[in-house]
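The values are calculated or read from the model by the stated rules, or taken from the named source; none is laboratory data. Quick caveat: nothing in here was measured; it's all calculated off a predicted structure. We place every Cβ from the backbone using ideal geometry, glycine too, and count neighbours over all the protein chains shown.
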Amino acid sequence: QAGLWARLVARSQRCVDSRRSQAGLWARLVARSQRCVDSWARERFCLLAGKQMHDWISSIEIFADATWMWFGHGEALFRHENDLVESLFCAKNRTHFRPLFPSRGFPEDVNSDFLASVEGVVSVGATVMDSSWVSFEELCAIPWNEEALAVDPRVYKYSRRPDGSEGLLGISLEYEGVDLTRLGGVDETSELVDGDTVYRRRRLRRRDLLEESDFSTMMAVCEALANRYGTSHVRWVVAFLS
């Protein structure tokens, strides 16, 4: 995936470097991509709204030719991992991490195409609850060994394989037919083994949120962009919706 994105970035750059066609080409590419993404974002919000879930949309932006350009929606590059995103941006997050980039708002020079996407989901009933942004340099400096401020009150359910390794099956406050009181208080780390199934209450480290995560895909894209435009010229802007 990283190689594919690098090739796509290189191809886009060859077009951008053509000064004569740059403005018109970017306008057509952005307009075409934006129509597809806006439709996708509105449809996704409508589905999630029926379940009363918090959602978020985001923009990867690059600074080129004295302006911040929209490159793509960050959440389209990896699965919808609210725990990881909330731990970075939200003061109140379920994993109880110290938020690293909370409530910065939109940058004053945020790309207008991303704002149009936000306005699109607001037009179908969403409310922007919070917003923030982070530079690629800051993403690279995330302290992944940092421990959460408290135990995650939810219970992590794992399947234990014959070789002793485990696969995550779910994260929930309760499981049908399972007496989770045997795990003790919600502020205690503990474990309950039922055959090949393990129930565990954990105090996480940031790196634990990368388990079965596609966050590295987005970072690979940002790195490819940073190699071309500079590490200080790539950023990720996020809007939280309800």
Select from region 222-240 the residues that are within 13 Å of the chain's Cα centre (by Cα) and of a type in the set (V, I, T) and write down the one among them that is farthest from P107 (Cα to Cα). V238
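Can you find a residue in region 199-220 that is part of a helix (DSSP H, G or I), in contact with a strand residue (DSSP E or B) (Cβ under 6 Å, 6 or more places away or on another chain) and without any contact (Cβ under 8 Å) to a residue 40 or more places away in the chain?
no
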Residue selected from region 117-141 under the condition loosely packed, with under 14 Cβ neighbours inside 10 Å and of a type in the set (G, A, S), by the criterion nearest to S103 (Cα to Cα): A141
So, in region 104-133, exactly how many residues are closer than 18 Å to I62 by Cα and hydroxyl-bearing (S, T, Y)? 3
Out of region 51-93, which residues are of a type in the set (F, W, Y) and at pLDDT 90 or above? F63, W68, F89
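This table checks each residue for (1) closer than 30 Å to I57 by Cα; (2) in contact with an Asp or Glu (Cβ under 7 Å, 6 or more places away or on another chain); (3) of a type in the set (A, V, I, L, M, F, W, C).
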position: R205; (1), (2), (3): yes, yes, no
position: M219; (1), (2), (3): yes, no, yes
position: V237; (1), (2), (3): yes, yes, yes
position: L241; (1), (2), (3): yes, yes, yes
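On the basis of being in contact with a strand residue (DSSP E or B) (Cβ under 8 Å, 6 or more places away or on another chain), in contact (Cβ under 8 Å) with a residue 24 or more places away in the chain and exposed (fewer than 14 other Cβ atoms within 10 Å of the Cβ), does W144 make the cut?
Details: in contact with a strand residue (DSSP E or B) (Cβ under 8 Å, 6 or more places away or on another chain): yes; in contact (Cβ under 8 Å) with a residue 24 or more places away in the chain: yes; exposed (fewer than 14 other Cβ atoms within 10 Å of the Cβ): yes.
In short, yes.
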All positions within region 115-133 that are of a type outside the set (G, A, S) and in contact with a His (Cβ under 8 Å, 6 or more places away or on another chain): M129
